[in-house]
Structure formats: structure tokens, C-alpha cells
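The values are calculated or read from the model by the stated rules, or taken from the named source; none is laboratory data. The structure displayed is predicted, hence computed values, not measured ones. Reconstructed Cβ throughout: ideal geometry from the backbone, glycine too, with neighbour counts over all protein chains shown. When the accessible area is computed, the model is the full protein with side chains, heavy atoms only, and any ligands, DNA or RNA have been set aside. Shrake-Rupley method; radii C 1.70, N 1.55, O 1.52, S 1.80 Å.
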Amino acid sequence: MGFIPIFITLGGFVFLFVMVVHQHFKRKNRAFFKLLNDLHQLLYSGKNPDSPAPSLKSLEHHYQVMRQSGQAPVELLDQASYLIKEAKLLRHQYHELLHTKPYSFVAQVMGHSAI
């Protein structure tokens, strides 16, 4: 009878840990895709911004083309560069968290995968 409260406390701790890590994964994922969407709207402002946002690689390629052409304003290029760096940082943090040992178990159980 004395071990039941210990098991309940341990189970509660594991449940809360799983929920906190799951929310952290979801928040990083949403922030990454929000940055991609903002970058897409910034780079394609005059050309059908309602289309679905492409990958970070294609957005970065479009940024490089715009920068080399020299027709885009410097402020737009600076802002796009900042958003690309932030998106890469978020993606790196997400992947690092995904491969860290106790968090990788939670990610596997909750169905999180690499972005």
C-alpha cells in the first residue's frame, strides 16, 4: 500500500514531462512554418502570395536570385536574410531536440518527425 503513491507520483511526472516536451515541439514547429510563411509573403509580395509556401531551400534560392539581380530593395533583402537565418536556427534547434535522448523518445511516441 505504501508504494501506490510513489507510482502515482512517478506516473504524473512522466505524463507532465511528455506533455511539456510535446508542446515545445509543437511551438517550434509552428514558429518555423510561420517564419516560412512570412518569408514567402515577403519574397513573393507582388506575385500570388496566396499560393502555398515552398520549402526553405526554394525560398533561399529565390532570395539568392533576387540578391544577384540587384533589382530588389536593400531593406527587403536584409529582412529576408534575417528571416532565413531565423528559420535555419529554429530548424536546427528542432532537430537537436529531436535527437536528444529523453526528448527523442517523446517525439517518437507523439509522432514528431524532422522538418
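In table form, for the structure just shown:
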{"quantity": "Residue check for V65: over 30 Å from V109 (Cβ atoms) and either modelled with pLDDT of 95 or more or of a type in the set (A, V, I, L, M, F, W, C) (or both)", "calculated": "yes"}
{"quantity": "Of residues in the stretch 80-115 being out of contact with any helix residue (DSSP H, G or I) (no Cβ under 6 Å at 6 or more places or on another chain) and over 17 Å from K26 (Cα atoms), the one least open to solvent (accessible area, probe 1.4 Å)", "calculated": "S81"}
{"quantity": "Single residue of V109, V21 found to be more than 15 Å from the chain's Cα centre (by Cα) and modelled with pLDDT of 90 or more", "calculated": "V109"}
{"quantity": "Of all residues making up the stretch 20-34, the number that are of a type in the set (S, T, N, Q) and free of Cβ contacts under 8 Å to residues at least 60 places away in the same chain", "calculated": "1"}
{"quantity": "The listed residue being closer than 24 Å to I115 by Cβ, touching a helix residue (DSSP H, G or I) at 6+ places or on another chain (Cβ under 7 Å) and either surrounded by 10 or more Cβ atoms within 10 Å (Cβ to Cβ) or not charged (D, E, K, R) (or both), out of L35, L76", "calculated": "L35"}
